[in-house]
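Novice: There's a structure below that I have some questions on.
The values are calculated or read from the model by the stated rules, or taken from the named source; none is laboratory data. Since the structure is predicted, the reported quantities are computational estimates derived from the model, not experimental observations. Note: accessible area is taken over every heavy atom of the protein model, side chains too, but ligands, DNA and RNA are not part of it. Shrake-Rupley method; radii C 1.70, N 1.55, O 1.52, S 1.80 Å.
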Amino acid sequence: MNLNATLFAQLVVFFILAWFTMKFVWPPIMKALDERASKIADGLAAADKAKSDLALAERRATDELRKARETANELRAGAERQGAQILDEARAEAAKIVAAARAAAEGEAAVAAQRAREALRDQVAQLAVAGAEKILRKEIDAARHADLLNQLKAEL
């Protein structure tokens, strides 16, 4: 065997193997590596997007929670104001009812006092007539002396 022929044959086989590898083996490997790099890049981009979306969602949730608290505070304050207003109106209405009842009671008391005075006057007039009858020892006709009795009532 000739060393140069062996070296030349090995060189030819090496170039054929290199050409075969570059033509048929290398492109699928490069394609797989490119696809893998693309998937990794897409995954990293998706992770970054998800992280920014999460931060945005947290900010929105915080804002919504703050707005909900403010709304709840406003509603509670409004309800307290409305409750106080209703209470004040009820107190005013109760005061009006008490004043009306007091006025009605005073009116009724005045009417009752007037009736009692008139009844007392009638009784005094009857007593006066009875006393005068005893003094005069004769009966006085109340119908005949109605004007006199009315005048006596008015004076009492």
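Novice: Tell me the accessible surface of Arg102 in square angstrom (1.4 angstrom probe, heavy atoms of protein chains only), to the nearest ten.
Specialist: 140 Å²
Novice: Sticking with this one: If I build a Gaussian network model for the chain, linking alpha-carbon pairs within less than 10 angstrom, which residue out of Ile40, Ile16, Ile97 has the largest mean-square fluctuation?
Specialist: Per the Cα network of the chain with a 10 Å cutoff, Ile16 tops the list.
Novice: Taking only Cα atoms, what is the 0 to 90° angle, nearest 10, from helix 26-136's long axis to the longest principal axis of the chain?
Specialist: 0 degrees
Novice: Does segment 73-123 come out rounded, prolate or oblate by the C-alpha gyration tensor, with a ≥ b ≥ c the root eigenvalues, rounded set by a/c under 1.5 and, if not, prolate when a/b is larger than b/c and oblate if not? If you can, show how the numbers build up before the last one.
Specialist: Values: a/c = 13.28, a/b = 11.76, b/c = 1.13.
It is prolate, given that a/c is not under 1.5 and a/b is the larger ratio.
Novice: Hey, another quick one. Averaged per residue, what accessible area in Å² does the chain show with a 1.4 Å probe, protein chains only? Could the numbers behind the result be given before it?
Specialist: Working: 13680 Å² over 156 residues.
Per-residue accessible area for the chain comes out at 88 Å².
Novice: Separate question: Grab the DSSP H runs of the chain that are 4 residues or longer, score each as -39,500 (n - 2.57), total them, divide by all residues and round the 222 nm result to the nearest 500 deg cm²/dmol.
Specialist: On the way: 3 runs with 139 residues, N = 156.
Computed ellipticity for the chain at 222 nm equals -33000 deg cm²/dmol.
Novice: Could you check which residue among Arg117, Arg59, Arg81 shows the biggest mean-square fluctuation in a GNM of the chain with a 10 Å Cα cutoff?
Specialist: Arg117
Novice: Now for a separate question. Over the chain, with every protein chain in place, what whole percent of the accessible area is carbon and sulfur at 1.4 Å, could you tell me?
Specialist: On the way: 8600 of 13680 Å².
Summing carbon and sulfur atoms, their accessible area is 63 percent of the total for the chain.
Novice: Still on this model: Rank these by accessible area, largest first, 1.4 Å probe: Met30, Met22. Before the final figure, lay out each step's value.
Specialist: Values: Met30 70, Met22 140 Å².
Putting Met30, Met22 in descending order of accessible area: Met22, Met30.
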